[in-house]
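Novice: Here it is, the structure in full.
Derivation of every value follows stated rules applied to the coordinates shown; laboratory data play no part. This one's a predicted model, so the numbers in the text were calculated from it and none came from an experiment. When we count neighbours, we look across all protein chains shown, and the Cβ atoms used for this are built from the backbone with ideal geometry, even at glycine.
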Amino acid sequence: MSVVSVINQKGGVAKTTTAVNVAASWAKQGKKIMLIDLDPQSSATKAVFADRDFEKTIYDVVTGQATVNEVIVPSEEFGFDMIPAEIMLSGIDMQLAAYFGREQILRRKIEPVMRNYDAIIIDCSPSLGLMTINALMASKDIIIPICPEYFSLKGIDLILQTLQNIRVGLGYRVGVRGVVITRYRDRRVVKDVIDKVREKYDLNIFTSYIPDNIAVEEAHHKHRPVLKHAPSSPAAKAYMQLAKELWP
Amino acid sequence: MTKHNPLFVDSTKFHGDLICTQIELRNVLLYDGESLLIMITNHKDISRRLQMKPLDDRTYETKIHLNHQTQVTYRFVIEKDGERIFQSANLKGRAQYALIEDWNPCFDDSAADPEIQPQSASEPSGKDLAVPLTGTAQPKPVSRVRETSMNVRSIIEKWGF
C-alpha cells in the first residue's frame, strides 16, 4: 500500500487529469484504488461525479464531523473509490490553525482504511496551505505533473523547497517518484524545457509524455476516464503506459 | 533566518522541547586522514564538537538533541592530524528536525570559536559521536589555519577556485 500525492503549486498543469486517469488506469489493471480530492475547487470530484451533491466530504473528515468510512463513494465508471471535496476546504486553514497535530490530521484519519487499498492517490490544491501539508505528510512520495513551458521550472523549485521545509520543520521525508510531462507537443521549445528540467534537477522524468489531446477534455465532459472514452487516443495510451511506469 | 513559515512548525512540540536534529553538510570532499566536525553552541551557550559521518560521496551527517526552535550557532571544520585546515563561517539557525548546509569554506581568521564546555550529564545528545576534549585534541589557533590554507595549489585542486 502506498499513498502518493499529485502536486504542483503551479496551476493548469493537469494535476487532476493525471490523478483521475492514473487512478482509473490502475483500477483497470485490477488494483484497489482510492482517490482523495483535497482541492477546494473540487475538480476531481466534478470530473468523476459531475454536479452530484455530497452531504459529507473530506472537509467533514478533517474537521471531525464524519469518519472516513462515511465519506467514501465508489465510482463504477472509473473503477475506484473516492473521497469528494467541497469549497468549504478553502477556509479550513483558519479553523485548524491552533489544532494540536494539525499537520497530520489527514494521515491519522485515513489510517483505518489504508489496508483496504493497493494505493491511495491525493489530488492536491495548487496553493500551499495546511491541506497540502497534510497531503504531503500522509504521502510516501509525490508525482509532479508539469506542462513543458518556461514557468514550470519555477513550479518544481517551489515543490522541492516545500519538501525541504517539511523535512526541516516537521521531520518527515517525502520522496519524489518523478515528473510527468503533460500537454506535450512536438515543438523545439517544449523539448528545450524538458532538457532543462533534466539538467537542473536530479529527478526521474517518466518516459510516457501525455500529449495535448482533445480526447482528455472530451472525457472530462462525459465524466469518464479517457481510457474508456477514447481508448485508442494518444492520451489514453499514454496514461495507460504512465500508470505502468508509476506503479510502485 | 528572520522569517519562518508557521506551516512548517511542528504543532505537537512546544518551544524548547527536546528534538533529535539531523545535521547535514553537502558538497564536501575529504581527503585521506581528514575528518569533518561540527562545533555547535545551543541557546544555553553550551558548545559541542561532533564528528560527522559520511552519508554519501559528498554529504556528511550527524545527529544531536536540541531544544525545539531555540537559537543555535554552528561551524563546520575540517581537521587533519588535530590541525584545523578549513572551516566555515559561524552560522546561525533555529533548532529544527534538520539543519542542512552546503560546504562553504571561510578564510576569515578573526572569527573565534566559542569556548567548548564539557557535555552535560543530563543531555542525551549523540554521546558516541562526541569528540573527547583532551588538551592535545584542541584545534590549533586559526592563524595556523591560514598558513595551511594558503597552499594555493591544494585549494585549487580541491575546491576548484
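Novice: Hey, if you drop one equal point scatterer on each alpha-carbon of segment A:122-248 and run the Debye formula without solvent, what base-10 log of I(q)/I(0) do you get at q = 0.09, 0.20, 0.21 Å⁻¹?
Specialist: At q = 0.09, 0.20, 0.21 Å⁻¹ the computed log10 ratios are -0.29, -1.23, -1.29.
Novice: Continuing with this model, one more query. Please list, in order, the residues from segment A:107-121 whose amide nitrogen is less than 11 Å from a point placed 7 Å along the Cα→Cβ vector of A:Asn69.
Specialist: Answer for segment A:107-121: A:112-113.
Novice: Could you check how many percent of all C-alpha pairs in segment A:31-146 are farther apart than 20 Å?
Specialist: Every Cα pair in segment A:31-146 considered, those over 20 Å come to 35 percent.
Novice: Which lysines does B:Lys63 reach when only Cα atoms under 30 Å apart count, and residues fewer than 8 places away in its own chain are ignored?
Specialist: A:Lys140, A:Lys200, B:Lys3, B:Lys13, B:Lys44, B:Lys53, B:Lys80, B:Lys92, B:Lys127, B:Lys140, B:Lys158
Novice: Over segment B:18-67, consider all pairs of different Cα atoms and compute the Kirkwood hydrodynamic radius from their mean reciprocal separation; express it in Å, one decimal.
Specialist: 11.8
Novice: Across peptide A:169-175, how many C-beta atoms of other chains are within 10 Å of each residue C-beta, on average?
Specialist: Mean partner-chain Cβ count within 10 Å for A:169-175: 5.
Novice: Follow-up. Give the separation of the Cα centroids, segment B:43-69 to segment A:51-109, in Å.
Specialist: Rounded to whole Å, the Cα centres lie 40 Å apart.
Novice: Note the direction-averaged projected area, equal to a quarter of the hull surface, for the Cα convex hull of chain A, in nm².
Specialist: 12.4
Novice: For B:Phe107, A:Phe78, which order do you get if you count the other beta carbons within 10 Å of each Cβ and list the fewest first?
Specialist: The fewest-first ordering by Cβ neighbours comes to B:Phe107, A:Phe78.
Novice: Can you compute the FRET efficiency between B:Tyr31 and A:Asp157 using 1/(1 + (r/R0)^6), with r the Cβ-Cβ distance and R0 = 41 Å? Round to the nearest 0.05.
Specialist: It comes out at approximately 0.75.
Novice: Taking neighbour counts of Cβ atoms within 10 Å as a proxy for exposure, in what order, fewest first, do A:Met131, A:Met114, A:Met94 appear?
Specialist: Arranged by neighbour count, lowest to highest, A:Met131, A:Met114, A:Met94 become A:Met94, A:Met114, A:Met131.
Novice: So what is log10(I(q)/I(0)) for segment B:1-98 at q = 0.15 1/Å, when the Debye sum runs over its Cα atoms only?
Specialist: Per q value, in the given order, log10 I(q)/I(0) is -0.63.
Novice: Which order do peptides A:231-243, A:149-161 fall in by mean Cβ count within 10 Å, highest first?
Specialist: Going by the mean number of other Cβ atoms within 10 Å, highest first, we get A:231-243, A:149-161.
Novice: Same structure again: Using only atoms on other chains, find how many Cβ atoms lie within 10 Å of each Cβ of peptide A:160-168 and report the average.
Specialist: 4
Novice: Using a Förster distance of 45 angstrom, determine the FRET efficiency expected from the C-beta separation of B:Thr73 and A:Lys228, and round it to 0.05.
Specialist: That pair, B:Thr73 with A:Lys228, gives E of 0.15.
Novice: How large is the convex hull of the C-alpha atoms of segment A:1-80 per residue, in Å³?
Specialist: Output value, Cα hull per residue: 109 Å³.
Novice: Using the structure shown, list the pairs from A:Lys28/A:Lys196; A:Lys196/A:Lys228; A:Lys46/A:Lys196; A:Lys32/A:Lys237 with a Cα-Cα distance above 23 Å, or answer none.
Specialist: A:Lys28/A:Lys196; A:Lys196/A:Lys228; A:Lys46/A:Lys196
Novice: Partner chain Cβ atoms within 10 Å, averaged over the residues of B:9-22 - can you pull that number for me?
Specialist: The mean count of partner-chain Cβ atoms within 10 Å per residue comes to 3.
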